[in-house]
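See structure below.
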Amino acid sequence: MSLDRVARPFTWFVERFYPDPWVFLVLLTFLTFGLAFGLTETSISNALFSWGNGLSQLMAFIAQICLMVVVAHALAHTGPVRRGLSALSRLPKKEWQAYLLVALVACATALFSWSFCLVASAIVARQVAIEGGRKNLAISYPLLVATAYIGLSIWHMGYSASAPLFVATAGHILEDQIGVIPFTATVLTPWNIATALAAIAVICVICPLMHPKKGAICIPESVLNQLAEQNEKRDTLNNTRPETIAKRLDAARWLNISFGLLLLGFLIIWFATQGIAIDLNIVIWTLLVPTLLLTRSPIHLMQLIRDAASIVGPVLLQYPFYAGVMGLMVGTGLVSVISGWFVEIATDQTLCFWAFVSGGIVNLFVPSGGGQWVVQGPIFIEASEVLGVDPAKIVMAVAYGDQWTNLIQPFWTIPLLAIAGLHVRQILGYCFVGLIALFFVFGGSLLLIS
């Protein structure tokens, strides 16, 4: 059985009608204004104020997100990690093995950190395509990269899950209603782990089955040239010998190691005293510790950070405007209207499912797990209290919706595609197939646990 025919119409649609991520954001903003005027009683001045006021509401969060991507990119390009990923990339002997490997790497890294997944899986996809070309394998490079992105769709079931981290942090906005919900009651529950394993199995099956019958689609020459430039830059750095005290300090690996051990000491004390109290800052420091320990010198670390900074520019520009969309939806009551549709038809057996569907819809407008929980959480938590549904399940249901429609939300493709050297239109057609398949996994699981 082949899913190539299933993927083909979605690929056709995306190639012709899906705009660039920035254009997608602009059109989405206008659509949100239209929906606000059509579905709520807001005024033009209130809508404009809500949108403009929202632009700066997530600045601290944006800084965290960008720093997380930068550190993850640097970690993935340290010598040991890069060599490990390259070694993995040489394993596939057949086309289906290439897609399977990228899927497994993407899923495994997504459960650790969504930011590291975007970088590491893109690197593996790129390297697998290069190795596949040397072995004369008829690999589709766009499908390899799409597989890396589909693997991201389980990130909210792992270590860097935003909504579960949010409610596990003392002082969150719903603490008076639901208290502090520990990670063990959300991400580490047996049913969430079982759902994650089921999703991984589905991803590992459908991605190789989408292999196009038309044969190989090679990696672009521009990507190979960029990779060659990076290798040349790294060789130049390796062969530079320090001649002054200042340059010796720049090249002193012990400075990185000592700083990394200092940060590691803090993390050990944190977990020893706070338990499994994980937030975005702790995830960032967790990524930074191995980055410090594995880089060769301070100057090497700074070179990796500079390389990584180039991929977060579009993220840095676009995210405030998504925050504006979130502000518009909240300020006009639009998010309450959309979520209210599902709350009205929900029962105690279906509330989690409808929270998932609602979360998937709102995620297209607010591609932020934490931000989305802020706007939808109060609505569904209130419903859960009325219907007697465990609030921890509601947290995961909204989180499932967020990760699910990321597959067709182009915003989070930006870091991955910057490394892969492709356009969003070349991969999202395949992601629609993943969207359909994972709907049954996530939705079915939530109906079962209810």
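Taken over the stretch 413-432, the criterion of being surrounded by fewer than 23 Cβ atoms within 10 Å (Cβ to Cβ) and within 20 Å of Ser358 (Cα to Cα) is satisfied by Phe432 alone.
In this structure, does Trp155 turn out to be among the aromatic types (Phe, Trp, Tyr), surrounded by fewer than 15 Cβ atoms within 10 Å (Cβ to Cβ) and at pLDDT 90 or above?
Values: among the aromatic types (Phe, Trp, Tyr): yes; surrounded by fewer than 15 Cβ atoms within 10 Å (Cβ to Cβ): no; at pLDDT 90 or above: yes.
Considered against the rule, which asks whether it is among the aromatic types (Phe, Trp, Tyr), surrounded by fewer than 15 Cβ atoms within 10 Å (Cβ to Cβ) and at pLDDT 90 or above, Trp155 comes out as no.
If the Cβ limit is 7 Å and pairs must be 6+ apart or interchain, which residue in the stretch 191-202 that is over 20 Å from Leu100 (Cβ atoms) and part of a helix (DSSP H, G or I) pairs with which residue that is at pLDDT 95 or above and of a type in the set (Val, Ile, Thr)? Note: pairs meeting the criteria are Thr195/Val441.
Residue-wise test of (1) at pLDDT 90 or above; (2) surrounded by fewer than 16 Cβ atoms within 10 Å (Cβ to Cβ).
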residue: Val223; (1), (2): no, no
residue: Gly260; (1), (2): yes, no
residue: Leu267; (1), (2): yes, yes
residue: Val283; (1), (2): no, no
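Every condition in (1) assigned to a helix (DSSP H, G or I); (2) closer than 28 Å to Ser336 by Cβ; (3) touching an Asp or Glu at 6+ places or on another chain (Cβ under 6 Å) is met by Arg425 except one, and the failing one is (2).
Yes/no per residue for (1) modelled with pLDDT under 90; (2) not β-branched (Val, Ile, Thr):
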residue: Pro290; (1), (2): no, yes
residue: Leu294; (1), (2): no, yes
residue: Met302; (1), (2): no, yes
residue: Ser310; (1), (2): yes, yes
residue: Leu328; (1), (2): no, yes
residue: Thr332; (1), (2): no, no
residue: Val335; (1), (2): yes, no
residue: Trp341; (1), (2): yes, yes
residue: Gln349; (1), (2): no, yes
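Counting only residues that are in contact with a Leu (Cβ under 6 Å, 6 or more places away or on another chain) and under 21 Å from Gly313 (Cα atoms), the stretch 425-450 holds 0 of them.
Sub-9 Å Cβ pairs linking a first residue in the stretch 65-88 that is open to solvent by 30 Å² or more (accessible area, probe 1.4 Å) to a second residue that is not in a helix (DSSP H, G or I), at least 6 apart or interchain, are Leu67/Val312, ordered by first then second residue.
The values are calculated or read from the model by the stated rules, or taken from the named source; none is laboratory data. Please read all numbers here as calculations on a predicted model, not as lab measurements. Here the Cβ is made from the backbone with ideal geometry for all residues, glycine too, and neighbour counts use every protein chain on show. Areas reflect the complete protein model, heavy atoms only, side chains present, ligands, DNA and RNA absent. Shrake-Rupley method; radii C 1.70, N 1.55, O 1.52, S 1.80 Å.
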